[in-house]
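Novice: Dumping the structure here so I can ask a few things about it.
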Amino acid sequence: MVVRRWVAFESLQTTVFWYLTISTRDWYSMRTIEIYDTTLRDGSQGEGVNFSLEDKLSIAKRLDEAGVNFIEGGYPLSNPKDSQFFSRAANLELKNAQLCAFGMTRRRGMEAHLDPGMKALLQAGTPVVTIVGKTSCFHVETVLGVSLEENLDMIRDTVAYLTSEAREVFYDAEHFFDGWKLDSHYSLETLRAAVQGGATRLILCDTNGGTLPTEVATIVAEVTHTLATPLGIHCHNDCDVAVANTLSAISAGCIQAQGTINGIGERCGNADIISIAANLALKIPETMVLAKAHGESGEPWCLPKRTVNLEASHTSQNYHDLCMKPRICHIVLVSHMLGRVLLLIRAECMFTQLPSRPSRMSILLQNWWVILVGCS
Ligand SMILES: [Zn+2]
């Protein structure tokens, strides 16, 4: 099977795309993996991250140019900036991505159509709404303080109401893996409630980031065999395996990967959507994403610890020679991406080391692809 991948190269200061032909192995069954970016919502909770409204709009535009399928723009009930974002984002004329608003299940004891959260979500005007709900019986009874049955009603009602208002609803199953270990039967019931309401994706969340790849694979496989609704995966990085967990979940049957650019997010961050996309595209040729984004100020909004200056890292003539040889060069770049050593490639540094920017870059693009995350 041959998959043709479209790539465009816009400029050195914006995004890069490419054209790639991949021959897959006979045994491999092609699946399209959706890339769902939550940089603007979950990522904004990272330490030191503070997007302005203009930043958010600019990043959304870049994410769209990068080809992600879904952009979670924020939680419209939580603050005015997020609700303003959705009203401004309606004019962005996105080419690739669908905007998603994020919210929670209706309040207990309140009908969904009366809930302020539902009103804010509808006002956001997005085609997709992502609803997070409690999945673990422990969190339902101890944190939320409602009965297990009422929680199921809250999930079902919320999803059904938003669906009736012509929204596509993704259901985020919070603490799914921890909940599964406590009571897998109840966790499945929460997913079924979302399906009954009309959810089109069930996102299994490792909210605490404490699950390991083998556990993720086992649990996702069980859910895949039990429910027909397409699954997604949303991992946090507390054990530093969020990307591995995501890939594990994809291999086990999930068709949507959620994450943030450079893995920014609360505590130890989220799964890094760039690493995920790179691995999917290069090791599991199902998708591709290419991203370059920065704040309105021009400063990169990557975590400093993940910023590596290519120029400083590779000043040897040998490396430059490798860059002139496309087939070898891609190995160098891929090695960096997949090893997570290099997540911020300063394009301008790289290109100034190349004697002829357009021609050399063209050679690279014809033979392989490059993810660039940098500042202009
Ligand atoms: Zn999260």
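Novice: Write down, largest first, the equivalent ellipsoid semi-axes of the range 159-217 in whole Å, where each equals the square root of 5 times an eigenvalue of the alpha-carbon gyration tensor.
Specialist: 24, 12, 8
Novice: In whole Hz, with x marking every Gly and Pro, tabulate ³J(HN,Hα) for the range 244-260 from phi via Karplus 6.51 cos²θ - 1.76 cosθ + 1.60, θ = phi - 60°.
Specialist: 4, 4, 5, 5, 4, 5, 5, 4, 7, x, 5, 10, 9, 10, 10, x, 10
Novice: What does the extension gain come out to for A221 and R88, with contour length at 0.36 nm per residue minus their alpha carbon separation?
Specialist: Length gained between A221 and R88: 43.9 nm.
Novice: For a footprinting-style exposure proxy, rank S248, S83 by other Cβ within 10 Å, fewest first.
Specialist: In increasing order of surrounding Cβ atoms, one gets S83, S248.
Novice: Using a 10 Å cut-off on Cβ atoms, rank the peptides 256-262, 99-105, 54-60 from the highest mean neighbour count down.
Specialist: 256-262, 99-105, 54-60
Novice: Under 5 Å between amide hydrogens, which residues at least 5 positions from I264 or on another chain qualify, with H placed 1.01 Å from N in the peptide plane?
Specialist: N270
Novice: Same structure again: Rounded to the nearest 0.05, what FRET efficiency do H185 and Q123 have when you use their Cβ-Cβ distance and R0 = 35 Å?
Specialist: The value I calculate is 0.45.
Novice: Which links in K56/K119; K119/K181; K95/K134; K56/K283 stretch past 27 Å when you go from one Cα to the other?
Specialist: Those over the limit are K119/K181; K95/K134; K56/K283.
Novice: Name the long-range amide H neighbours of C254: under 5 Å, sequence gap of 5 or more, or other chain; modelled H, no Pro or chain starts.
Specialist: It is none; the list stays empty.
Novice: Then there is this: Among bridges DSSP assigns within the range 31-271, what percent are antiparallel (round to 5)?
Specialist: Just about 5 percent of them are antiparallel.
A short reminder: the numbers here are calculations on the coordinates, not readings from a lab. Because the structure is a prediction, the values reported are computed rather than measured. For neighbour counting, all protein chains shown are included, and Cβ atoms are generated from backbone atoms with ideal geometry for every residue, glycine included.
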